[in-house]
Amino acid sequence: MIFDKVSALEKLCPDAKWAVSDDVIEWRDEEKEQPTDKQIKDKIVELQTEYDAKKYQRDRATSYPSIQEQLDMQYHDAVNGTTTWKDAIAKVKTDNPKPSE
């Protein structure tokens, strides 16, 4: 799993004082209540699920042509009346579909 206790604690208690060493939480905040192990584990699962759901976005981002290439495609499309840019973008979206909700 990509997400761990540190990520979960940062989301659950962004302003709290704590430290993690060897996977053990040292709670240093007297004003805020320490999250339970279950709350931390649930947050880790939630963060991982959100991350996994956006895989298509990460895949698309690395598949799109560079901005320079896209601008060149758009210029040539305007001059030549072609659809090279639209076709390239559509292919990336087709190859990396957004999951249905």
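Remarks
- Residue count for the stretch 64-83, restricted to those that are surrounded by fewer than 14 Cβ atoms within 10 Å (Cβ to Cβ) and under 29 Å from the mean Cα position of the chain (by Cα): 6
- The lone exception for residue 29 - which of (1) open to solvent by 90 Å² or more (accessible area, probe 1.4 Å); (2) more than 15 Å from residue 8 (Cβ to Cβ) it fails: (1)
- Residue 42 meets the conditions (1) open to solvent by 80 Å² or more (accessible area, probe 1.4 Å); (2) within 22 Å of residue 10 (Cβ to Cβ); (3) more than 14 Å from the chain's Cα centre (by Cα) in every case but one. The failed one is (1).
- Scanning the stretch 1-23 for residues that are more than 28 Å from residue 99 (Cβ to Cβ) and open to solvent by 90 Å² or more (accessible area, probe 1.4 Å) yields 14, 15, 17, 22, 23.
The values are calculated or read from the model by the stated rules, or taken from the named source; none is laboratory data. Computed from a predicted model, the values in this text were never measured in an experiment. Reconstructed Cβ throughout: ideal geometry from the backbone, glycine too, with neighbour counts over all protein chains shown. For the accessible areas, the whole protein counts, side chains as well, though only heavy atoms, and no ligand, DNA or RNA atoms are used. Shrake-Rupley method; radii C 1.70, N 1.55, O 1.52, S 1.80 Å.
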